[in-house]
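Below you'll find the structure, written out as structure tokens, and then a few comments.
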Amino acid sequence: MTRNNGTCEVTSKDIRKVPGTRPRGRPPRSAEPVGDDDTLLAQAFDIFTQWGYEATSLRDMARRMGVSHNLLPLRFGTKAEMWKRAVDLRVGQSSAASFAVLAQVDLPPQERIVKLIRTYCDTAAAHPEVTRLFAIEGIHESWRLDHLVGTFVEPFRRELEALLQALARDGSKPVSAIAFMSLLVNGVGTYYAARPLAERLDTPAEGQENIRDRFVAVLVKAATG
């Protein structure tokens, strides 16, 4: 502490001596650590699907996550860059099992389509927020929709189209991949994404496995014509 014309000037060195005070800058080493990148991106994904991209700022996200408003730009850059990373992580993880089934070309097509529908049902039930993302972003033209289509939708459509062609018998025309995808996403996916509505329509005693079997029966029939 120094004196100037009879007054006291408190220096940063003095502040560090006062209990409960800390100079501006980096948090102390003893501060509670924030989550790793994947944890923060998962939280960001949930915020984007709940509030929408346009209605969310990085400052809002930081507040909801309970982290410094400077942390997210330092870790992830712009809001657009954070959206891409969050989407690629969560949608990539949730769609991996379905893509793996489509890649199992050693399985007979009939077995593969059944396995695909079952896998998609399980994934949609576990990650309803992914369906919500596509519902939010699918109603307007945007760079985000371009990213979703180019990264996930179009590759899935191509693989599904090959499977549906393999299912076509006696030279018959295969079922439209776009039509079948709509049944999956807007049918199965929306069922799980809008679970409160679905529960009003379901028989209370109906178990998750029976619900999945119902989807399999309907969609296999649709896929095989």
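What the Cβ-Cβ distance of Asp88 and Trp51 gives, at R0 = 22 Å and to the nearest 0.05, is a FRET efficiency of 0.65.
Test of the criteria: in region 30-111, which GluC sites (Glu not before Pro) are in a DSSP loop and have at most 12 other Cβ atoms within 10 angstrom of their Cβ?
On the way: sites: Glu54, Glu81, Glu111; in loops: Glu54.
Sites meeting the loop and neighbour criteria: Glu54.
Taken over region 80-205, the convex hull of the Cα atoms encloses 129 Å³ per residue.
When ligands, DNA and RNA are left out and all protein chains stay put, how many square angstrom of accessible area per residue does region 73-225 have with a 1.4 Å probe? It would help to have the intermediate numbers written out before the result.
Working: 8280 Å² over 153 residues.
That works out to 54 Å² per residue.
Kindly state, to the nearest 0.05, the FRET efficiency for Glu111 paired with Ala135, given R0 = 30 Å and r defined as their beta-carbon distance. Intermediate values should be presented prior to the final figure.
Details: r = 31 Å, r/R0 = 1.02.
Step by step, r from the Cβ atoms, then E = 0.45.
Among the GluC sites (Glu not before Pro) found in region 140-172, those both in a DSSP coil and sparsely packed, with 16 or fewer other Cβ atoms within 10 Å of their Cβ, are Glu141.
The values are calculated or read from the model by the stated rules, or taken from the named source; none is laboratory data. Please read all numbers here as calculations on a predicted model, not as lab measurements. Note: ideal-geometry Cβ built from the backbone for every residue, glycine included; neighbour counts use all protein chains shown. For accessibility, only protein heavy atoms count, side chains too; no ligands or nucleic acids. Shrake-Rupley method; radii C 1.70, N 1.55, O 1.52, S 1.80 Å.
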